[in-house]
Amino acid sequence: MGFDLGSGLTSSLGNIGNLASAGARGFNAASNLSSAFSAGLASPGGLASAIRSINLPAAGEAIGDIVGAISAFTEDTYANDWRVRLSLANWTSFKSSPVLTPLKDSGGLIFPYTPKINIHSGATYTQIETVHTNYKFQAFKSSEPGTIKITAPMYVSDPTEGLYWIAMVHYLRSLTKMFTGNDPKAGNPPPIIMLNGYGNYVFKNVPVVVTSMDVSLEDKCDYIGVNVVGSAAGNLEGTADAIGGLANSIGGAFGGAFGGAVGSATSIISGLAGGIGQVAGLLGSFGIGGTTSGGVTHVPTRSTFSVTLQPIYSRNSARKFSLDRFVTGGYLNNNFGYI
């Protein structure tokens, strides 16, 4: 009887597992096709090659452009706005996230109250050990722009400002995490964003990464309840997690009594959960799935943000740097700024 129960469960869930697997393959094919056309637009001569690679199994290859998560702060839309601004990461999930809508509408994370900023530039010299001399010689080793530390107050007086506070916290947290799991760009580091503020000679399209963020939640202030929204794709991920938990429960409760039959059933359930998780991950990546209630979040009326930014330059951009051009202001109109 135990064998019949396991066999029936296996048979029923097998059909569901096949359906989920087919759905996951469909989403993977669609994602690969989109990547192929993106590659073709960038290099028309490689379109045919890109299409032929659609059915190749995923391994260590990046789907699409590996630098697609770098911010595309390429237009001077906010050229006359001298406020300190962190651009929104140029990746679909960041642009379509319901929680980050306030930042998208404002053109990035703007610190609404004047922040305190510490900047640093340094040059490193190596001391040359020389005998019989009164003055030691110094050999230049390297320069580095140093970290940029921003300390900004934030005051919230209504739900609209509360949503902006939530978006700031969620965005800065997101910028300290890498792409992993079901992400189409799994394995890539956190996105690079652009820092602007106070005019061309202070911060002009400076590529930075967030190395740390701190927010103080004061104990001597009021808190405002704010209704927020979440992603429906996130709910689908939750369903996948629940199904995965069910598989573990079944295996633990009946594995000893029914043996391999239940083991096969739990394996199928786990596979189903994985397929749903992949579908949800792709939905979230491409901004599909709509919104759902995210409940009420309580926001402090007074808090302080502390953000540490690290300017980051590739070997290629460092190789192109010219001190003469830098000194004469030749990089002021660049979409990519040196400091």
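Computed quantities for the displayed model
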{"read-out": "Residues within the range 312-333 that are among the aliphatic types (A, V, I, L, M) and outside any loop (DSSP other than H, G, I, E, B), tallied", "value": "3"}
{"read-out": "Only listed residue being among the hydrophobic types (A, V, I, L, M, F, W, C) and at pLDDT 95 or above, chosen from 150, 128", "value": "150"}
{"read-out": "Residue 289 vs. criteria assigned to a loop (DSSP other than H, G, I, E, B) and at pLDDT 85 or above", "value": "no"}
{"read-out": "Residue list for the range 108-150, restricted to those being surrounded by fewer than 17 Cβ atoms within 10 Å (Cβ to Cβ), closer than 18 Å to residue 311 by Cβ and touching a Pro at 6+ places or on another chain (Cβ under 7 Å)", "value": "121"}
{"read-out": "Condition check for residue 178: at pLDDT 95 or above and more than 21 Å from residue 339 (Cα to Cα)", "value": "no"}
{"read-out": "Close pairs from the range 310-333: first at pLDDT 90 or above, partner not in a loop (DSSP other than H, G, I, E, B), Cβ under 6 Å, at least 6 apart", "value": "310/209; 310/211; 311/206; 311/208; 312/207; 312/209"}
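The values are calculated or read from the model by the stated rules, or taken from the named source; none is laboratory data. Keep in mind that what you see is a predicted model, and the values were worked out from it rather than measured. Because the Cβ atoms are built from the backbone with ideal geometry, glycine has one as well, and the counts that use them run over all protein chains shown.
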